[in-house]
Every structure is written in structure tokens, then in C-alpha cells.
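**Q** The structure that follows is given in the form of C-alpha cells.
Just so you know, all these numbers are worked out from the coordinates, no wet-lab data involved. Model, not experiment: these values are computed from the prediction. No Cβ is skipped: glycine too gets one built from the backbone with ideal geometry, and neighbour counts run over all protein chains shown.
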Amino acid sequence: MKILLLGIGNVLYADEGIGVHFVNYIADNYQFTHESHQLELLDGGTLAQGLIPIICQYDYLIVVDTVNANGVDAGEVYFFDFDKAPKEIDWQGSAHEVEMLQTLNMMEMVGDRPITFVLGVTPTVLEPMILGLTPKVAAAVPLMEKTLLAHLASLGFTVTRIAEHSIDSLIPDSYKRGVLIDEKHQI
């Protein structure tokens, strides 16, 4: 099975960048092995529909992003099957969040959407030109990490910690990483 861990978000809008920052944090700190499954990590930025040709190549997708939820505090972590979203999830959040929802729904209509899970956190600040996370969202990172690692372990992955980078140490260069389409193409 081919699995994609996809970070979504705009790193220039504070908490909006959590998906990208988190996937970079996981990529820099962990190595994953499995006898038969393949796991790839991707910074999807705000490309949404532009990611369709990439996403449809996978059997299983874990999207990491902000999620708006009615009646909850900032920093709340959610992990759910996309087809069974909790009732408090409000998909009318940021522009890229709505575009990602539309992308997944379009893929479903044509039968190209892989099994999809969402690992999200409710944001505090979505302001332009703030590179970094608010304290509430940064405090949610350990729970997001534990949730993701437990899920991947349930799929049979062996998880090896290879570094001890903090998410804050990776944020200043996150906008420089770009999106790796394949070994020859990066945007």
C-alpha cells in the first residue's frame, strides 16, 4: 500500500501553516519502515486541486491541516476518517481548507480519492505575514505527533526517532522547502 502524509497550509499566515510545519517536523525527526507499505511525506502548501495528480497515485492519505470546529478552543486536536467527520467540524474555514475539501470531494466523485484520514488542529491566528505558530497550536504538536505515530504503528510501521529538532527550529526555513513532486521536480 502506498501512503501519503500530506501537510497543507500557508506558512505565511501563522497557525494556518501547521500542516506544512508538522510534516516537515515529522520528516526531520523520524524514519518509517514497513515490510510492504510505502510512506511518503509531502508539503502540499496551498496547492489543493493542483495535488490531484499526486494524491490519486496513493492508496491511503493522511491530511494534516487546520480544522475549524464549532464550540471548541484553539489547539484542539482532531484525528478522523474523512468519511466520518465529527459533527462539530466546520469545513468553511480558510480558503485553502475549503479548496482541499472540494479537491477530496471531486476525487471521490470520479473514484480517485484514496482512503483518507485528517489530522487537524483548530487554529488561533490566521493573520498574513506571521511566520510561526501561536502558543496554543504549538502546544498541540506533541498530541498530534503521538496520534500520528500511533496510527502509523497500527498500520505496521516501525518508527525510529532520528533527530530531536523542535518544530520552532524548522519554521524559519519552511517556506524554502517547496513541494517535491518527484525526485526530479520541486515547486
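**Q** Report the gain in length on full extension from ASP73 to ASP59: 0.36 nm times residue separation, minus Cα-Cα distance, nm rounded to one decimal.
**A** 1.7 nm
**Q** Go ahead and run the numbers for FRET between LYS146 and ILE115, Cβ-Cβ distance against an R0 of 22 Å, rounding to 0.05.
**A** For R0 = 22 Å, the calculated efficiency reads 0.55.
**Q** State the antiparallel share, in %, of DSSP beta bridges confined to the chain, rounding to the nearest 5.
**A** For the chain, the DSSP antiparallel bridge percentage is about 40.
**Q** Taking 0.36 nm per residue of separation and subtracting the Cα-Cα distance, what length does fully extending ALA153 through ASP90 add?
**A** Extending this stretch completely gives an extra 19.8 nm.
**Q** Given springs between every Cα pair under 10 Å in a Gaussian network model of the chain, which of THR160, THR147, THR66 has the largest fluctuation?
**A** THR160
**Q** Something else about it: Assigning unit charges at the beta carbon (Lys, Arg +1; Asp, Glu -1) and nothing else, what dipole magnitude in debye, to the nearest 20, does the chain show about its Cα centre?
**A** On the way: 10 positive and 25 negative charges, 43 e Å.
Here the chain has a charge dipole of around 200 debye.
**Q** If we count every other residue with Cβ under 11 angstrom of LEU6's Cβ, Lys/Arg +1 and Asp/Glu -1, where does the sum land?
**A** Net of charged neighbours comes to -3.
**Q** Checking the a/c ratio against 1.5 first, then a/b against b/c, what shape does the Cα gyration tensor give for the chain?
**A** Rounded, because the longest to shortest axis ratio a/c is under 1.5.
**Q** Can you list the residues, at least 5 places off or on another chain, whose amide H is less than 5 Å from the amide H of VAL64, using H built in the peptide plane?
**A** Under 5 Å from the amide H of VAL64: LEU6, GLY7, ILE8, LEU119.
**Q** From the helices alone, meaning DSSP H stretches of at least four residues, give me the mean residue ellipticity at 222 nm for the chain, per-run term -39500 (n - 2.57), in deg cm²/dmol to the nearest 500.
**A** -9000 deg cm²/dmol
**Q** For a quick check: with amide H placed at 1.01 Å from N, whose amide H comes under 5 Å from LEU39's, ignoring anything fewer than 5 positions away on the same chain?
**A** Sorted by chain and number, the residues that satisfy this are ILE3.
**Q** What list of ³J(HN,Hα) values in whole Hz, one per residue of region 69-80 in order, does the Karplus curve 6.51 cos²θ - 1.76 cosθ + 1.60 (θ = phi - 60°) give from phi, with Gly and Pro shown as x?
**A** 9, 6, x, 10, 7, 4, x, 6, 9, 10, 9, 8
**Q** Before anything else, pin down the relative contact order of the chain: Cα pairs under 8 Å, at least 6 apart, normalised by residue count, whole percent.
**A** Relative contact order, the chain: 32 percent.
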